[in-house]
Each structure stands twice: as C-alpha cells, then as structure tokens.
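Taking it in order: structure first as structure tokens, then the write-up.
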Amino acid sequence: MPNIDEPGPTDIELGAVLHALSDPTRLAVVLQVESAGERCCGALAVDVAKSTLSQHLRVLREAGITRTRACGNQRWVSLRREDLDALFPGLLDVVLKAADRTALAR
C-alpha cells in the first residue's frame, strides 16, 4: 500500500520535482540513493539534524522522487526512477550529472 503522502505514478508534477531537486540537501540524498540503491534513512550522509532530514525526505516523497518503506522501526528510501523516467525522460540523469559535476568542482 503506497504512502498517503506519495503521489501516484501519473500524478507526479514537474514543478514539484524541480522544486524538490533545487535544494542541495535533498539533491545529496537523491545522489546517495541513486548511487547506492535503497538506503536506510539513518545511513544517509547529510549534515543536518534528524528532524530537518525528515522534512527533506517528506518533500522528496511528496514530489514523487522517492518512495519510503517501513521495516520495523527503520525507514528505507528508494528512488522512483522508473516513474520519473517515464514521465520526464532524461530529466533525472541531467540533474544528477550536473550535481556530480558541481560537487567535483568544489
């Protein structure tokens, strides 16, 4: 059963996706999940408080970029790559490539 805050595959809106990806912390989360696959929320390497990370994860989930599943007391985050690629072909690849390039330049 999908999370109540998670849009269906055809309900994902471009504006919400672009807004969610515009934040450096959220982009860092997406890069980690893209490179390592599904990740436990507690294993995400971001320099923010847990409560702040929870808010960032909510924005990503509500935008349709990630899916969060519960397993006991842990929450696992995965990328909704198939849904995003079907709706916006190449968008995620371009954004992540640009983010990688920006991170390497620092």
- Item | Given (1) touching a Lys or Arg at 6+ places or on another chain (Cβ under 8 Å); (2) at pLDDT 95 or above, number of the condition Glu62 does not satisfy | (1)
- Message: Could you tell me how many of the residues in region 62-73 are in a helix (DSSP H, G or I) and of a type in the set (Gly, Ala, Ser)?
- Response: 1
- Message: Going by what's in this entry, would Thr10 be described as of a type in the set (S, T, N, Q), exposed (fewer than 12 other Cβ atoms within 10 Å of the Cβ), farther than 16 Å from Leu79 by Cβ and in contact (Cβ under 8 Å) with a residue 12 or more places away in the chain?
- Response: yes
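Does region 27-56 hold any residues that are among the basic types (Lys, Arg) and either loosely packed, with under 12 Cβ neighbours inside 10 Å or within 22 Å of Thr10 (Cα to Cα) (or both), and which are they? Break it down into steps so the answer makes sense when it comes.
Here is the first cut: in region 27-56, the residues among the basic types (Lys, Arg) are 39, 50.
If the condition is that a residue be among the basic types (Lys, Arg) and either loosely packed, with under 12 Cβ neighbours inside 10 Å or within 22 Å of Thr10 (Cα to Cα) (or both), then Lys50 is the only one that fits.
Yes or no: region 13-25 includes at least one residue that is surrounded by 15 or more Cβ atoms within 10 Å (Cβ to Cβ) and modelled with pLDDT under 95. Reasoning before the result, please.
Here is the first cut: in region 13-25, the residues surrounded by 15 or more Cβ atoms within 10 Å (Cβ to Cβ) are 16-17, 20-21, 25.
So of that shortlist, the ones also modelled with pLDDT under 95 come out as 25.
Yes: one or more hits.
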- Query: Going by the structure shown, is Val59 outside any strand (DSSP E or B), among the aliphatic types (A, V, I, L, M), without any contact (Cβ under 8 Å) to a residue 60 or more places away in the chain and more than 19 Å from Pro9 (Cα to Cα)?
  - Reply: no
- Message: Filter region 31-54 down to the residues that are out of contact with any helix residue (DSSP H, G or I) (no Cβ under 7 Å at 6 or more places or on another chain) and within 17 Å of Thr102 (Cα to Cα) and list them by number.
- Response: Gln32, Ser35
- Per the filter on region 74-101, residues basic (Lys, Arg), within 18 Å of Arg58 (Cα to Cα) and either in a helix (DSSP H, G or I) or at pLDDT below 95 (or both) are Arg75, Arg81
- Within region 13-56, can you find the residues that are hydrophobic (A, V, I, L, M, F, W, C) and touching a Lys or Arg at 6+ places or on another chain (Cβ under 8 Å)? Ala20, Val33, Cys40, Cys41
- Task: Kindly establish whether Ser35 is touching a residue at least 40 places away in the same chain (Cβ under 8 Å) and among the hydroxyl-bearing types (Ser, Thr, Tyr).
- Result: no
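The values are calculated or read from the model by the stated rules, or taken from the named source; none is laboratory data. The shown structure was predicted, so the numbers you read here are calculated from the model rather than taken from an experiment. Reconstructed Cβ throughout: ideal geometry from the backbone, glycine too, with neighbour counts over all protein chains shown.
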